[in-house]
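Working notes, structure below.
Read-outs: derived from the displayed coordinates by stated rules, not from any lab. Not measured: the values here are computed from a predicted model. Neighbour counts are summed over all protein chains in view; Cβ atoms, including those assigned to glycine, are modelled from backbone coordinates with ideal geometry.
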Amino acid sequence: MKRFLAAALGATLASGMAHAQAPATPKLIVAISIDQYSSDIFNEYRAQMTGGIKRLMDGVVFPSGFQSHAATETCPGHSTILTGSRPSRNGIIANEWFDPASTRTGPDGRIDYKVYCSEDERVPGTNSRAYVVSPLHLKVPTLGDRMKAVTPASRVVAVAGKDRSAVMMSGHNADQVWWWEGKGFTTYRDRPGAPPAAIARANAVAQSAIDKPVTPKLPPACAARNFATPIEGGSVGTLQPRKAGDARGFRASADFDRAVLAGAEGLFADMKLGRGAATDVLAIGLSATDYVGHTWGTAGGETCVQLHAVDALLGKFFAMLDKSGVPYAVALTADHGGHDLPERNRTNAIPAAKRVGLDPNLAGISAQLSAKYGIPGPVLIGDGIFGEIYLSKAVPPARRDAVIADARTAILAHPDVQTVFTRAQLSAIPSPSGSPADWTLEQRARASFDPDRSGELVIALKELVTPIPSSGLGYVATHGSIWNYDRRVPILFWQKGLRHFEQPNGVETVDILPTLASLIGLAIPAGEIDGRCLDLVAGAGSNCP
Ligand code: ZN
């Protein structure tokens, strides 16, 4: 820390700004995730940003950050941001994985093998759809957990659109954790009682936006992108007004992010964050960009409007923090990237973009194996021809290798499958190092592999294949793949007095924790994390230990 102050002061003096201040130790760390904010849309829109994103771009910019693992979903993504650990270490391998030993009953009356990432499946009567939210599955401490262990006076607060975002960024011992659940913000079940006034105000902001939606004006810069692309039963690409009372549509609008930021601002003020004995953490999960991307794709007027709105909202939020006088540091990134729907990608010079076909499906392969080996089904447990595939407990140990080999062969025959990794294969290779931009597909899968929770097989679809069979099913586009459009995210650091630089080479979101820790002099024991401290000091000197 001393080195950081001295170096930053030296840099300031060398630049001739004799009265400029060196960065002070932050009393508040603000960690922001914009869900599905890919490096691609960051780069596409960065020149148009004038508010909060512009502010952060005046700090230290890593346009090629990586959620380096293969399963580029929301829960794993958020689990890396403030733990310094990849899913292979922190245990959050997917939004949902499977437990072949499960005996609990699902919503359909059959055995529910599925486990949701931020649930406690030990609670009787719950299932993966009707779950009790918990940080149980996160195997490692977050930044907030580590700070509280050293300085119990540190407060840790999270407000997010999704439970998995709030939980994975705040961790095991947070003071306030709030996420949106249908009609309002809620928290852990074992914290009963009325929400604090700040959250009640955020609920009012949300309810007003649901009841009386105001269609945003199309920024002039978005006009060129605001044209229709046909899909089944309609079109995407042009900004549409939201109907009054449409709580689902509310989530795919900047009003959702506005409500989250209202909650964060309220808790900041009411809890006097940054004014206590120790540094505090405020984690914010802005989820609307993800709902926009899934509903309408990433390259139309809807995303353009959304990103302009987030920029403006963050600009106001930072201005509020400035006015408070609290010295704060910001890290902003995304839980994963994303890409556009195949129908528009095909019209935009990528003719290979396609949707995955329905056949042969996993149930069909499972039934064949069941018949061949005389094993009662389902032999294979999984969601379909993508992600993790598990083996039924009904498969005798002596048959397992043969069943796995046959399943792998059958899945590999699917024309949209790039490759299938086996448990044995991923167990045999070391945790990856070097630039995440250059990792092999196997190394990406290794960063998602946890022997306690991973399946027997991991399927990687081919590039530009979207695992949504039809454009008429509600969601038209998605992320989650092993490919770089889903792995690349911007990583931005800002603190008053930090001199700007941009580093285009690949870094990882697991580097955020040790970097933030260095700003407050928090020691991270060697070997506990996967990330490394990023030197934010342009020129000589370093914030890193
Ligand atoms: Zn997400």
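Each residue, T105 and R46, gets one label point 7 Å from its Cα in the Cβ direction; the gap between the two is 5.4 nm. Reported value for the stretch 408-545: 170 Å³ per residue, from the convex hull of its C-alpha atoms.
Think of each Lys and Arg Cβ as +1 and each Asp and Glu Cβ as -1; about the Cα centre, that makes the dipole of the stretch 430-545 roughly 320 debye. Against the chain, whose longest principal axis comes from its Cα atoms, helix 254-270 is set at around 50 degrees.
Given the stretch 138-225 reduced to its alpha-carbon atoms as identical point scatterers, what log10 I(q)/I(0) does the Debye formula return at q = 0.21 Å⁻¹? Results for the stretch 138-225 at q = 0.21 Å⁻¹ read -1.00.
Dividing the convex hull volume of the alpha-carbon atoms in the stretch 348-419 by its residue count gives 88 Å³ per residue.
The three principal axes of the C-alpha atoms in the stretch 228-364 carry coordinate ranges of 60, 36, 31 Å, sorted with the longest axis first. Each part gets one Cα centre, and for the stretch 356-389 versus the stretch 501-529 those centres are 42 Å apart.
Note on A394 and A428: with the Förster distance fixed at 35 Å, the Cβ-Cβ geometry gives a FRET efficiency of about 0.80. Candidate cross-link partners of K114 among the lysines, defined by an alpha-carbon separation under 16 Å and a same-chain spacing of 8 or more, comprise K393. Restricting to DSSP H runs of at least four residues, report the calculated mean residue ellipticity at 222 nm for the chain, -39500 (n - 2.57) per run over all residues, nearest 500 deg cm²/dmol. It comes out at -9500 deg cm²/dmol, rounded to the nearest 500.
Taking Lys and Arg as +1 and Asp and Glu as -1, the other residues whose beta-carbon sits under 12 Å from that of G91 total +2. In this simple spin-label model, placing a label point 7 Å from the Cα along the Cα-to-Cβ direction at both D452 and A200 gives a separation of 4.0 nm.
The equivalent ellipsoid of the stretch 87-243 has semi-axes of 33, 24, 18 Å, largest first, where each one is the square root of 5 times an eigenvalue of the Cα gyration tensor. Residue separation of K183 and A269 scaled by 0.36 nm, minus their Cα-Cα distance, works out to 28.6 nm of gained length.
In the distance distribution for the stretch 321-386, Cα-Cα pairs more than 20 Å apart total 64 percent.
Across the chain, Cα-Cα pairs more than 40 Å apart make up 22 percent of the total. Using R0 = 51 Å, the C-beta based FRET efficiency linking E502 and A371 works out to 0.30.
Computed packing ranks the peptides 535-542, 474-481 as 474-481, 535-542, most packed first, by mean other Cβ atoms within 10 Å. Farthest towards the positive end of the charge dipole of the chain, among the residues Q425, C222, P378, is the Cα of C222, using unit charges on the Cβ of Lys, Arg, Asp and Glu. For the pair L473 and S435, a Förster radius of 51 Å applied to the C-beta separation gives a FRET efficiency near 0.90, rounded to the nearest 0.05. In the calculated pair-distance distribution of the stretch 253-298, the portion above 12 angstrom amounts to 65 percent of the Cα-Cα pairs. Each DSSP beta bridge with both residues in the chain is either parallel or antiparallel, and the antiparallel ones are about 50%. The listed peptides 90-103, 268-281, 237-250, ordered by packing as a protection proxy, come out as 90-103, 268-281, 237-250 (highest mean of other Cβ atoms within 10 Å first). For the stretch 300-312, putting each phi into the Karplus relation 6.51 cos²θ - 1.76 cosθ + 1.60 with θ = phi - 60° gives couplings of x, x, 4, 5, 4, 4, 4, 6, 4, 5, 4, 4, 5 Hz, in residue order, rounded to whole numbers and with x for Gly and Pro. Among the listed pairs K217/K462; K148/K316; K54/K139; K27/K139; K217/K272, those with a Cα-Cα distance over 31 Å are K217/K462; K54/K139; K217/K272. The packing ranking of peptides 202-214, 456-468, highest mean first, is 456-468, 202-214, where packing means the average number of other beta carbon atoms within 10 angstrom of each residue.
With the charge dipole of the chain set up from +1 on Lys and Arg Cβ and -1 on Asp and Glu Cβ about the Cα centre, the Cα lying farthest toward the positive end among the listed residues A538, A194, L464 is that of A194.
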